1. Is one or more of the residues making up region 1-13 under 27 Å from residue 184 (Cα atoms), surrounded by 13 or more Cβ atoms within 10 Å (Cβ to Cβ) and touching a residue at least 24 places away in the same chain (Cβ under 8 Å)?
2. For region 167-194, give me each residue that is surrounded by fewer than 12 Cβ atoms within 10 Å (Cβ to Cβ), under 22 Å from the mean Cα position of the chain (by Cα) and outside any helix (DSSP H, G or I).
3. Which pairs do you get when a residue that is closer than 19 Å to residue 93 by Cβ, found in region 150-170, comes within reach of a residue that is basic (Lys, Arg) and buried (at least 16 other Cβ atoms within 10 Å of the Cβ), reach meaning Cβ atoms under 9 angstrom, with the pair 6+ apart or on two chains?
Amino acid sequence: MTNLIVFRPRSALILAAAAGAMILLFLIQVIFFSDRIEFSSIAFGILLATTVWLLLVRPKLEVFDEGIKIVNPLITAIVPLREIDMVDTRFALTIFTRGKKISVFVAPAPGRWHARSVRAGELKGLELNAGDVISPGDSPRSHSGQAAQIIKLRIKSVGTEVGDLRASARFNYAAAGVLVASIALFLILSVLHV
């Protein structure tokens with residue numbers, strides 16, 4: 001992986017830090033300031049922390065000279081640049097490759113009102129032709145637009161014949177196991193009223 005760029009919105013990390021602080025305060029209150037320790041509440045805090053980690057901290061997009069690595073909450077995919085057929089930003093950044101499509105969790109498209117706020121000055125440097133139409137997801141102020149532009153610029157600057165990277169996708173059994181275990185622990189302790 002040469003010339004690595006990691007795309008992860010700061011807003012997700014800030015939200016994760018705020019949620020983590022609130023979960024920590026919740027656990028401190030349950031453990032130290034309750035009449036009795038309720039283990040189901042602790043399990044609920046663990047479940048919340050697991051969910052925050054899976055949805056806000058883990059997802060990212062890595063762009064490098066040989067290809068891209070998409071890290072979604074439960075699936076990690078690697079796509080060489082030469083196998084990218086199309087980059088779409090309609091609902092989220094979506095990579096089309098060999099008849100398959102992979103959505104990038106960390107780069108959603110903006111809402112419908114965003115299209116009304118796009119200004120001509122934002123489109124400078126996007127190399128648009130006279131008749132080109134852009135969607136709100138292509139806006140440089142949207143996460144999907146930023147990530148798509150990074151990928152398109154990398155394809156343009158490096159080309160598609162760099163390296164011998166192979167396409168792959170794998171399910172993250174460890175993350176899924178932690179999530180299922182935290183859900184099961186919470187449900188068991190809630191049923192037992194512990």
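1. Yes, the conditions are met somewhere in region 1-13.
2. 168, 170, 171
3. From residues that are closer than 19 Å to residue 93 by Cβ, the pairs are 160/82.
For (1) in contact with a Phe, Trp or Tyr (Cβ under 6 Å, 6 or more places away or on another chain); (2) open to solvent by 60 Å² or more (accessible area, probe 1.4 Å), each residue gets a yes or a no:
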position: 15; (1), (2): no, yes
position: 27; (1), (2): no, no
position: 37; (1), (2): no, yes
position: 45; (1), (2): yes, no
position: 52; (1), (2): no, no
position: 56; (1), (2): no, no
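The values are calculated or read from the model by the stated rules, or taken from the named source; none is laboratory data. Please read these numbers as outputs of a predicted model, since none were measured by experiment. Neighbour counts run over all protein chains shown; Cβ positions are idealised from the backbone, glycine included. Ligands, DNA and RNA are stripped out before the accessible areas are found, and what is left, the full protein with its side chains, is counted by its heavy atoms. Shrake-Rupley method; radii C 1.70, N 1.55, O 1.52, S 1.80 Å.
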